[in-house]
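I have placed the structure first, in the form of structure tokens, so that the comments after it can refer back to it.
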Amino acid sequence: MISTRYWFHIGAITATLLLALILPDRKSIFGFLAGEEIEISKIVVETVVSSAPPGTVDRHQEEKQFLLQRLRRPNGELSQYHPRRRLLAALHGFYRYATIAMNDLNTISTRYKSLPDNQKRLIELTVKYDEKIRQTERLIKKNDVIAQKIVDHALEFYGVEFSELQKFVHDVESSGQSAERVSVSQALKHYIRDWAPEGEHERISTFPHILNTLEKLYPKRDRANPVRVLLPGSGLGRLAHDIADLQGFEVTANEWSMYMNVAYRYITSPGGSLANSSTIYPYIDWWSHQPTTAELHRPITFPVVPVDPHSVVLVEGDFTTAFKKPSDQGRFDAVVTLFFIDTARNIVTYIETIHQLLKPGGVWINLGPLLYGSSPVIQLSLDEIIDISEAVGFDLQDTDPQCGDISLPGRKVRQMEAPYGFNKDTLSKNAYWAQFWVATRR
């Protein structure tokens, strides 16, 4: 599939069109935009050759129809875990981004004002802390522009009326609850991890090991009969898209977090998918470990490359329940888990689900730490995970020594240092000894 994006600047108005193959003439562009001639000051044209195998558009349409059915509002109250309620909660978070960020900034400002007057005079003469706070407030407003774009696109994509979101916000806040802050902040920071040059140090430490392994395992690929790959816990989707770009892979992503899903939907929208089309200031909510105020306020532009909205199909929901159709069992040639398995409440269920979804002879590629999350019912050590995986029906394979040193003597598991979720230009570092293995389903 070949598509051409036309990005027009008309004064302060930006319009984005996604058209297939046909370049309209000047008159038809004008007719589309306003019905009369308007001077266009700038045209940016991006031609994207999609890596999607034949039939991917049909898969997109089918999955969206299925998604909207799951999101349909039932009679009565929405349960806490109903997907529509989780969607509205995520939209609530982005909708209130500026309010919550300003509350945090006001706390900083109030504490500063509590200093003795002589110390404030010294600080203002020296470093102008008040201006630092005011500039942060201005950048919160700029971030909020992206947050509201995410909300607007999600309302359209999921078919939710703004009035429904307003009612949800009113009801939640009337009960004394507030919108979630951390999940929104993490979703915005994942734009950097996945789609900005500033996240390259994180991607380069892990992605090549997975991509090279897939290419070695499947050297002969046919777009007409592609290798089917599933990525649970796909986040904002960069690894899924990079696999699709290898050609000959039919890629299915899966993500539970609605905060991640609405952010991903935006970056695959006509406006959000253009290269270098969005700018955020992701570090303004974390004042620790900053070498300079300029670093705290540094803008990040994304995506670094155009995002092909057709190359990956996203299945939203819980990995252990989202693939329950009979046709899903034994459907995939490979399952790739990156920074995922430790998110499980029950990691054994994850292992069993991966085994069920793979074809006999299919491959599970894992790379990530063992940082167990919220309320796990079981916390296995690395050797226990390997023992259980083998008991379920996996055989671990030899892997390239370039993927790190052996983690456990006599076991086919390697480890590598994998940075995660930090700005390499600050005064701190966060990294894991990520565990890497390739296992074949018996």
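Please treat every number below as a calculation from the coordinates, not as lab data. Keep in mind it's a predicted model, so treat the numbers as computed, not measured. Cβ placement follows ideal geometry from the backbone for every residue including glycine, while neighbour counts extend to all protein chains displayed.
Using DSSP, restrict attention to beta bridges with both residues in the chain and report what percent are antiparallel, rounded to the nearest 5. Kindly include the intermediate steps, with their values, before the conclusion.
On the way: 37 of 56 bridges.
Here the share of antiparallel DSSP bridges comes out near 65 percent.
Step through the table entries LYS64/LYS189; LYS128/LYS149; LYS149/LYS220; LYS220/LYS325; LYS113/LYS167; LYS132/LYS167, compare each Cα-Cα distance with 31 Å, and write down the pairs that go over it. Write out the running numbers ahead of the final one.
On the way: LYS64/LYS189 26 Å; LYS128/LYS149 33 Å; LYS149/LYS220 41 Å; LYS220/LYS325 29 Å; LYS113/LYS167 37 Å; LYS132/LYS167 36 Å.
Pairs exceeding the cut-off: LYS128/LYS149; LYS149/LYS220; LYS113/LYS167; LYS132/LYS167.
Regarding the chain, what is the average projected area of its C-alpha convex hull, in nm²?
On the way: hull surface 103.2 nm².
It is 25.8 nm².
Just LEU230, LEU91, LEU408 to compare: in a GNM of the chain, with alpha carbon springs under 10 Å, which one fluctuates most?
Highest fluctuation of the listed residues: LEU408.
Karplus couplings for segment 284-301 from phi (6.51 cos²θ - 1.76 cosθ + 1.60, θ = phi - 60°), rounded to Hz, Gly and Pro as x?
Karplus-based 3J(HN,Hα) across segment 284-301 equals 6, 9, 9, 8, 6, 6, 8, x, 8, 5, 4, 5, 4, 9, 5, x, 10, 9 Hz.
When only Cα pairs under 8 Å and 6 or more residues apart are kept, what is the percent relative contact order across the chain?
Working: 713 pairs, mean separation 64.2, N = 442.
Once divided by the residue count of the chain, the mean separation gives 15 percent.
Given 0.36 nm per residue, what is the gain on full extension from SER327 to ASP245 after removing their alpha carbon distance, in nm? All intermediate terms of the calculation are to be shown ahead of the outcome.
Numbers: separation 82, 0.36 × 82 = 29.52 nm, distance 2.55 nm.
Difference between extended and current length: 27.0 nm.
Could you give me the ³J(HN,Hα) list for segment 364-369, computed from phi with Karplus coefficients 6.51, -1.76, 1.60 and θ = phi - 60°, whole Hz, x at Gly and Pro?
Those phi angles translate into 10, 10, 10, 8, x, x Hz.
I need the peptides 282-293, 161-172, 334-345 ranked by packing, meaning the mean over residues of other C-beta atoms within 10 angstrom, with the highest value on top. Let's see the in-between values first.
Values: 282-293: 16.2, 161-172: 13.2, 334-345: 22.0.
The peptides rank, most packed first, as 334-345, 282-293, 161-172.
List the relative contact order of segment 137-279 as a percent without decimals, with contacts defined as Cα pairs under 8 Å and 6+ residues apart.
Values: 117 pairs, mean separation 36.2, N = 143.
The normalised contact order for segment 137-279 reaches 25 percent.
Considering only LEU314, LEU357, LEU382, give the residue with the highest GNM mean-square fluctuation for the chain, with springs between Cα atoms whenever their separation is below 10 Å.
Of LEU314, LEU357, LEU382, the Gaussian network model singles out LEU382 as fluctuating most.
Amide H neighbours of ASP308 under 5 Å, counting only residues 5+ apart in sequence or on other chains, H built in-plane at 1.01 Å?
Those lying under 5 Å, H to H, from ASP308: there are none.
Can you work out the Karplus-derived ³J(HN,Hα) for every residue in segment 60-72? Use 6.51 cos²θ - 1.76 cosθ + 1.60 with θ = phi - 60°, whole Hz, and x for glycine or proline.
For segment 60-72, the Karplus-derived couplings read 4, 5, 5, 5, 5, 4, 5, 4, 5, 5, 5, 7, 4 Hz, x marking Gly and Pro.
For the peptides 122-128, 223-229, 194-200, what is the packing order when you average, over each peptide's residues, the other Cβ atoms within 10 Å and list the highest mean first? Walk me through the numbers before you get to the answer.
Details: 122-128: 11.3, 223-229: 17.1, 194-200: 20.7.
Per-residue Cβ counts within 10 Å, averaged per peptide and sorted highest first, yield 194-200, 223-229, 122-128.
Under a plain spin-label model, where a point goes 7 Å from the Cα along Cα-to-Cβ, how far apart in nm are GLN148 and LEU408?
For GLN148 paired with LEU408, the spin-label model returns 5.3 nm.
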